[in-house]
Amino acid sequence: MQKIHNYINGEFIAPVDGKYLDNYEPATGQIYSQIAQSNANDLELAVKAAELAQQDWADLPSEQRSILLMKLAAAIESASEELAKAEAIDNGKPISFARNVDCYRSAANIRFFANAATQFSTDCHDMGKIGVNYTLRQPVGIVACISPWNLPLYLFTWKIAPALATGNCVIAKPSEITPMTAFIFSRLCIEVGIPKGVINILHGSGPSIGAPLVDHPKVKAVSFTGGSATGRAIAASVAPKLKKFSLELGGKNPSLVFADCNFEATVKEVVRSAFSNQGQICLCASRIYVEQSIYEKFKSAFVELVEQIKIGDPLDETTQHGALVSQAHFDKVYSYIQLAQQEGGKIISGGKKVTLSGRCGKGYFIEPTLVEGLSDDCRVNQEEVFGPLCSIQPFIDEKDALSKANGTEYGLAVSIWSQDISRCHRLSSQLDFGIVWINTWLLRDLRTPFGGMKSSGMGREGGFEAMRFFTEPKNVCIKY
Ligand code: NDP
């Protein structure tokens, strides 16, 4: 059986203590590979490698770092079919989604920050005849990049690319549930000649390697994407040590549909926003609020489209809805579908486990599910489910829509669907979310700040925000 090894100092290395975890294919429920269960011993090797590499990498002119990152982006594109298939097997997502979203964006992330490396500039504060200040932006040093399982290579590259572009050495930990594309990525790093020790990838569980990694005294900054509970634990560990940290956490994203929306386009896009990647995108809409005058019409059109979504083997090109990522996550999502009914909700589409024929007979499939009739404060409308379960409710007016949208502990992303541009601007300024989309969803410009408010995170990724996070500003003041 294939073994997924760590990537340390430019080489594949077995875990020091020889321990492995089983890696499951979600579509079949079968173990298909084994992952290094790394611990503090493996971490020491990675830290040593990164320490040795750090100065040379930081001293390399940014153009040289940019050229290497461009090569890495091209290598991802060349390996796109291999990566897409690996992601579909490892995560359960449809291969077409893995190819067009995960692989495409992974290469785009790296290319974007390769360009940013050559465009990033620093401030100068002129004091007239007295003197001048300029600000150096120097790499932080060794940084930890920890990523989740929903968009494995996509979110992994979103972190390591700015870290490398700004001259840091990285120790990265992909999710133990979806390690395969990071493993393939290690090989691509060797192929394009990323210097040894500049990037090190440690596999294994959160407690075994994630916690020691963020805690290590030589790790100077932590960039984390994952659940809010893990984010809080990481903040509690690193804050007393005064390390830099950036947290991209969970969401409970609303979609606000007004009667004056462009109806057909809105129905289509709101379905996409609710169920893409089996609802396992931190930005997916899980609360749909519709102005009461079009509620019934919208609901019927929405259900009609949802029922056309093709559930199937992730490796089938025509599949639109694949498997959930793990047995544990499948159980969690299904328990929330049951909870929705206990809380007084009515399932109006989906709601059932799906047993496919053939090789996927034991896979973790759940229908895209829509529930109505829930109260604003029930658990299903307040807690992040992170799966194909979405609630729909009418709202009375703009004030009601605003209060419903802002009424959870989360503040990641919101979509407004309306042709009244004044209303859209007015609401945008009052919505407590890091990302507001108007008449669109998941339209991304990589230069913009990305992240959430409230329990959805601290700090922002994207563009120069990420470049600033991975650098220390040092002001130099000169008196004439
Ligand atoms: P988790 O918080 O469980 O895990 C995220 C990563 O942290 C994994 O690599 C995990 O390892 C690791 N980890 C777990 N415990 C620790 C620890 N104590 N110290 C350091 N690392 C640790 O999230 P999921 O993987 O379940 O991902 C889903 C969550 O991610 C959802 O809440 C989703 O909203 C959020 N997310 C947020 C995004 C955003 O940009 N705001 C984007 C995408 C997802 P292991 O896998 O071994 O547990």
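The values are calculated or read from the model by the stated rules, or taken from the named source; none is laboratory data. Bear in mind that the values here come from a model prediction, so they are computed numbers and not experimental data. All Cβ positions, glycine included, derive from the backbone under ideal geometry; neighbour counts span all protein chains shown. The area values use the complete protein model at the heavy-atom level, side chains included, leaving out ligands, DNA and RNA. Shrake-Rupley method; radii C 1.70, N 1.55, O 1.52, S 1.80 Å.
Per residue, the accessible area of the chain comes to 39 Å² when a 1.4 Å probe rolls over the protein heavy atoms.
Looking at the range 366-480 alone, DSSP beta bridges between its own residues are antiparallel in about 25 percent of cases.
In order along the range 32-44, the Karplus-derived 3J(HN,Hα) couplings, from 6.51 cos²θ - 1.76 cosθ + 1.60 at θ = phi - 60°, round to 10, 6, 10, 10, 4, 9, 6, 8, 4, 5, 5, 4, 4 Hz, and Gly and Pro are given as x. Around the amide H of Val290, modelled in the peptide plane, lie the amide H atoms of Val257, Gln393, Phe395, all under 5 Å away and 5 or more residues distant in sequence or on another chain.
Look at the dipole of the chain built from charges on Cβ: of Val267, Cys189, Tyr480, the Cα furthest out on the positive end belongs to Tyr480.
Can you give me the Cα centroid spacing of the range 13-37 and the range 402-480 in angstrom? What the calculation gives is 37 Å, centre to centre.
Amide H contacts under 5 Å for Val371: Ile348, Cys390, Ser391, Ile392, restricted to partners 5 or more places along the chain or on a different chain, H placed in the peptide plane at 1.01 Å from N.
3J(HN,Hα) along the range 361-375: x, 10, x, 9, 9, 9, 5, x, 10, 10, 10, 10, x, 8, 7 Hz, from the Karplus curve 6.51 cos²θ - 1.76 cosθ + 1.60 with θ = phi - 60°, whole Hz, x for Gly and Pro. When a/c reaches 1.5 or more, the comparison of a/b and b/c decides; with that in mind, is the range 416-473 rounded, prolate or oblate per its Cα gyration tensor? Here the range 416-473 falls in the prolate category. Close amide-amide hydrogen proximity is noted between Trp437 and Val414, Ser415, Ile416, each under 5 Å apart and 5 or more residues distant or on a separate chain (H modeled in the peptide plane; Pro and chain starts excluded). Does anyone have the angle between helix 295-306 and the longest principal axis of the chain? Alpha-carbon axes, 0 to 90°, nearest 10? Approximately 60 degrees, to the nearest 10. Test of the criteria: in the range 250-341, which trypsin sites (Lys or Arg not before Pro) are in a DSSP loop and have at most 16 other Cβ atoms within 10 angstrom of their Cβ? When the trypsin sites (Lys or Arg not before Pro) of the range 250-341 are filtered for loop state and at most 16 Cβ neighbours within 10 Å, Lys310 remain.
Straight-line reach from Lys362: taking Cα to Cα under 16 Å and skipping same-chain neighbours fewer than 8 places apart, the lysines in range are Lys93, Lys352, Lys353.
Please give the helix 327-342 orientation as an angle from the longest Cα principal axis of the chain, in degrees from 0 to 90, rounded to the nearest 10. So the inclination is approximately 40 degrees.
When the solvent-accessible area of the chain is split by element, carbon and sulfur atoms take up 54 percent of it, the probe being 1.4 Å.
Add -39500 (n - 2.57) for each DSSP H run of 4 or more in the chain, then divide by its residues: what number comes out at 222 nm, to the nearest 500 deg cm²/dmol? The partial results should precede the final answer.
Working: 15 runs with 178 residues, N = 480.
Result for the chain, helices only: -11500 deg cm²/dmol.
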